[in-house]
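Report on the following structure.
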Amino acid sequence: MKRKHYTEEQIIGMLKGHEAGVTIEDLTRKHGVAKSSLQRWKSKYGGMEVSEARRLRDLESENARLKKLLADTLLEKTAIEEALRRKW
């Protein structure tokens with residue numbers, strides 16, 4: 001089954017439509033998304049503006065990059081400690 005990817009702008013637009021009074025059933029029919037997807041998006045993006053959603057995406061990607069750097073550094077540290085223990 002092909003998955004549709006919606007941008008943050010599109011998701012926030014759908015949620016703004018719901019806040020304006022469009023029913024969830026109409027939104028699911030119009031955009032072809034599941035009710036559970038709309039509820040999940042509402043919990044994540046509810047009350048956000050587009051600029052805030054972009055900032056959230058940027059922060060999440062930076063957080064993932066920093067976690068990877070930390071994991072690599074800890075791995076190197078462990079390898080060096082093991083090498084030093086064997087030498088002495």
From the list [x] 3, 16, 23, 22, 15, 11, 7, 3, 1, 0; [y] 3, 12, 16, 15, 11, 8, 7, 6, 6, 5, 5, 3, 2, 1, 0; [z] 3, 16, 30, 27, 18, 6, 0, can you say which value of P(r) over Cα pairs in 5 Å bins from 0, in percent was derived from the structure given? [y]
Quick check on the chain: helices-only [θ] at 222 nm, where DSSP H runs of length 4 and up contribute -39,500 (n - 2.57) each and the sum goes over total residues. Nearest 500, please. -26500 deg cm²/dmol
Between R85 and E62, 0.36 nm times their residue separation minus their Cα-Cα distance comes to what? 4.8 nm
If exposed trypsin sites (Lys or Arg not before Pro) are those in a DSSP loop with at most 15 other Cβ within 10 Å, what is the longest stretch of the chain that has none? 5-88
Per the rule of 0.36 nm per residue minus the C-alpha distance, extending K42 to E25 adds in nm 4.7 nm
Applied in sequence order to the range 13-25, the curve 6.51 cos²θ - 1.76 cosθ + 1.60 (Karplus, θ = phi - 60°) yields integer Hz couplings, x standing for Gly and Pro, of x, 4, 5, 5, x, 5, 5, 7, x, 6, 6, 4, 4
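Each reported figure results from applying straightforward, stated rules to the coordinates on display, with no laboratory input. This structure is a prediction, so every number in the text was calculated from the model and none was measured. In this analysis, Cβ positions are derived from the backbone assuming ideal geometry, glycine residues included, and neighbour counts consider all displayed protein chains.
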